[in-house]
Each structure stands twice: as C-alpha cells, then as structure tokens.
C-alpha cells in the first residue's frame, strides 16, 4: 500500500530509476494506492543524458508493492521494493487537408 510521497522503482527501460508519488487517481477520499492503481509521479533519479528530465511529472501504473499480496490458497508474495511503469501521453496525428 503506497501513499503520497512514497518512492517507487521504475521497471521499464525508459532510463528512469526512481520516482516519487504525489497524486493518487482514486478520488479525494482514497489515501492508498495498491497494485493496479494509477498515480502521478515526479521523476527523481535518471541515467545521464536521458530524454526525460529530473523533476518531470508523468503518470504511472503500480505493478508490484512491498505490501504482501495474499492469494486465495493462503500463500503470499512479498517483494523488496515498490515497482511502477511510466505511461506515455497518447498523441493523435493530425491529417493534412489538401
């Protein structure tokens, strides 16, 4: 369970190593994000000469958390870090009118 100002590791290969959560997209009354939640993050650590600058804001999707996930058979999975995937903005190509 993640909340505002939690740090997440980025698992895709976009050149960002860690980010910090500052908004949870569930409504005003929800304070925690779980696996499958959409969050807004700020980039904190990047590799050198990356296309995404430090401090940039981006949407992310939580895929794994430290908080244990209990399955129906009683077994559980507990990880060492919180992981997320950064999402890109979708842009529509404008058609040229001749």
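At-a-glance table
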quantity: For the chain, built as a Gaussian network whose Cα springs stay under 10 Å, the top-fluctuating residue of 66, 57, 88; calculated: 88
quantity: For 70, 85, order by how many other beta-carbon atoms lie within 10 Å, fewest first; calculated: 70, 85
quantity: Antiparallel bridges, percent of DSSP beta bridges restricted to the chain (to nearest 5); calculated: 90
quantity: Orientation-averaged projected area, Cα convex hull of the range 21-67 (nm²); calculated: 3.9
quantity: Largest to smallest principal axis extent of the C-alpha atoms in the chain, angstrom; calculated: 63, 33, 27
quantity: Proxy reagent accessibility, fewest Cβ within 10 Å first, across 83, 7; calculated: 7, 83
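FYI, it's all coordinate maths here, none of it is from the lab. For clarity, every value in this text was computed on a predicted model and none was experimentally measured. Positions of Cβ are backbone-derived with ideal geometry, glycine not excepted, and every protein chain shown enters the neighbour counts.
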